[in-house]
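Comments concern the structure below.
The values are calculated or read from the model by the stated rules, or taken from the named source; none is laboratory data. Here the structure is a predicted model, which means the values were calculated and not measured. As a convention, Cβ positions derive from the backbone with ideal geometry for all residues, glycine included, and neighbour counts pool all protein chains shown.
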Amino acid sequence: MPQTDKQICIPPELPELLKQFTKAAIRTQPQDLIQWAAEYFGAMSRGEIPPIRERSERVALSNWAELTPELLKILHSRVAGRLIIHTDELAQMWKVLNLPTDLFNSVMNVGRFTEEIEWLKFLALACSSLGVTIAKTLKIVCEVLSSDHDGGPARIPFSTFQFLYTYIAEVDGEISASHVSRMLSYIEQEVIGPDGLIKVNDFTQNPRVRLE
């Protein structure tokens, strides 16, 4: 029986499907990735909702402590102002707080960290596991980093916000560099006051600031 050559057609939506699959895998952190991938794409092919577990569901199935902004604030205080921290030291701090090992490993993989970790980048990715959107992630980061103790709104230097927003958007991969640049320029010129600080409300309540 003669064989016929078949042309393989790659659908244009494949890159987006793979990107969404990767994000879902990070959120769910399945123990058996191959089995989970089969279930994920099987559900997609049938038009069903894929098996993505929420963070709260995942934590409930383990004996680990649930990651919270408060625990991240404790972690930040123990880093003690350092910009770079050794992986082994941070892993030990994480372990002492009884935080999920799989989440630590996921953050390490997404950030492509090796022996030394840029703390602000690690913190941003850890906060992204709590925030559904970039704005919510940045809100959590601001609350963790803010040193105000008078009960006022969380605020951080604009330069720090600029670094964090640029990095998170880059990792997310769905926001153009030009959009990030426009938003940062607007915030710097129209929102930031003489103190050089940005408050959470400046980017969550301002209708002209759309981070995504």
Within the stretch 45-66, of all residues that are over 21 Å from the mean Cα position of the chain (by Cα) and at pLDDT 80 or above, the one farthest from L18 (Cα to Cα) is R46
Taking L72 as the residue in question, decide whether it is at pLDDT below 85 and not assigned by TED's automatic domain parsing to the domain that holds I140.
no
From the options F104, F113, residue that is at pLDDT 85 or above, surrounded by 11 or more Cβ atoms within 10 Å (Cβ to Cβ), part of a loop (DSSP other than H, G, I, E, B) and in contact with a helix residue (DSSP H, G or I) (Cβ under 7 Å, 6 or more places away or on another chain):
F113
Cβ contacts < 9 Å: first residue free of Cβ contacts under 8 Å to residues at least 60 places away in the same chain and within 14 Å of G196 (Cα to Cα), restricted to the stretch 150-175; second residue among the aromatic types (F, W, Y) and in a helix (DSSP H, G or I), any location; separation 6+ or different chain. Result?
F161/F203
Yes or no: W94 assigned to a helix (DSSP H, G or I), surrounded by 11 or more Cβ atoms within 10 Å (Cβ to Cβ), modelled with pLDDT under 80 and not charged (D, E, K, R)?
no
Has the stretch 118-129 got any residue that is at negative phi, modelled with pLDDT of 90 or more and not in a helix (DSSP H, G or I)?
yes
Can you tell me which residue in the stretch 163-198 is farthest from S146 (Cα to Cα), limited to those that are within 20 Å of the chain's Cα centre (by Cα) and charged (D, E, K, R)?
E174
Among the listed residues I175, I198, I140, identify the single one that is in a helix (DSSP H, G or I), at negative phi and either among the acidic types (D, E) or surrounded by 16 or more Cβ atoms within 10 Å (Cβ to Cβ) (or both).
I140
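Is there a residue in the stretch 144-159 that is under 17 Å from the mean Cα position of the chain (by Cα) and either outside any helix (DSSP H, G or I) or not assigned by TED's automatic domain parsing to the domain that holds L197 (or both)?
Looking through the stretch 144-159, none of the residues is under 17 Å from the mean Cα position of the chain (by Cα) and either outside any helix (DSSP H, G or I) or not assigned by TED's automatic domain parsing to the domain that holds L197 (or both).
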Residues being over 17 Å from the mean Cα position of the chain (by Cα), at negative phi and part of a loop (DSSP other than H, G, I, E, B) - total across the stretch 67-91:
2
